[in-house]
Amino acid sequence: AQSVSQHNHHVILSEAASLELGCNYSYGGTVNLFWYVQYPGQHLQLLLKYFSGDPLVKGIKGFEAEFIKSKFSFNLRKPSVQWSDTAEYFCAVRSNAGKSTFGDGTTLTVKP
Amino acid sequence: EAGVAQSPRYKIIEKRQSVAFWCNPISGHATLYWYQQILGQGPKLLIQFQNNGVVDDSQLPKDRFSAERLKGVDSTLKIQPAKLEDSAVYLCASSLEPSGAYEQYFGPGTRLTVT
């Protein structure tokens, strides 16, 4: 069975601080990993994805994530957050059949 | 390209009433998903269609929820009768193919409140 655990429910940072959101997954097959973002009042959007190859993946808006197979982790990072990064962030694992399992999300609040 | 369309955006009903949601996926996308997102939780897959066939409905409460995708394009999700715990945002998503390598595109969701 697939499962995803996001460690932080709510993170509060000041602008220019560095960000790291934790994500651990459980899945027995070939793993496809995603981070989605949901800005206030908007729908879910893809930030970045990992299928294979380089375990460090870069996404939109300066976000990146590192897949560490031995730790079953796919943590999201950004060196310097902006007020506009205030949003909810979801980690997801997806099977090759297309079934997605999402974590419960982390709400990021960035103070100006 | 146009995104995934959903209607209505908001719906308030009383318990034991019925309700239906509509989804129009991105043109050409064979795979369509319905998710339920309860406040404070991540989206949970209810049902996955490939064209007009059901691929996975293992988490769909079939005693009260039903879904169909006629002609492999639009889809409707119905709840009858609704319970208080059905209050949630119902998300529709589509992808070109079901493989995990293909990106899912999400609609804006329908926020259902059951009173």
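Values for this structure:
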| quantity | calculated |
| --- | --- |
| Residues that are more than 20 Å from A:Ala65 (Cβ to Cβ), of a type in the set (A, V, I, L, M, F, W, C) and either in a loop (DSSP other than H, G, I, E, B) or modelled with pLDDT under 95 (or both), drawn from the stretch A:1-29 | A:Ala1, A:Ala16 |
| Count - residues of the stretch A:55-77 that are open to solvent by 50 Å² or more (accessible area, probe 1.4 Å) and in a loop (DSSP other than H, G, I, E, B) | 2 |
| Extreme residue, nearest to the other protein chains (Cβ to nearest Cβ), among residues of the stretch A:78-94 that are among the hydroxyl-bearing types (Ser, Thr, Tyr) and open to solvent by 10 Å² or more (accessible area, probe 1.4 Å) | A:Thr86 |
| Among (1) open to solvent by less than 10 Å² (accessible area, probe 1.4 Å); (2) within 15 Å of the chain's Cα centre (by Cα); (3) of a type in the set (Gly, Ala, Ser), the one test that B:Gly53 misses | (1) |
| First in the stretch B:65-80 and farther than 10 Å from B:Phe49 by Cα, second anywhere and part of a helix (DSSP H, G or I), Cβ under 7 Å, 6 or more apart | B:Ile79/B:Asp86 |
| B:Gly40 out of contact with any Lys or Arg (no Cβ under 9 Å at 6 or more places or on another chain), on the phi > 0 side of the Ramachandran plot, exposed (fewer than 14 other Cβ atoms within 10 Å of the Cβ) and within 12 Å of chain A (Cβ to nearest Cβ) | yes |
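The values are calculated or read from the model by the stated rules, or taken from the named source; none is laboratory data. Computed from a predicted structure; not experimentally measured. In this analysis, Cβ positions are derived from the backbone assuming ideal geometry, glycine residues included, and neighbour counts consider all displayed protein chains. These accessible areas exclude ligands, DNA and RNA; they are computed on the full protein's heavy atoms, side chains included. Shrake-Rupley method; radii C 1.70, N 1.55, O 1.52, S 1.80 Å.
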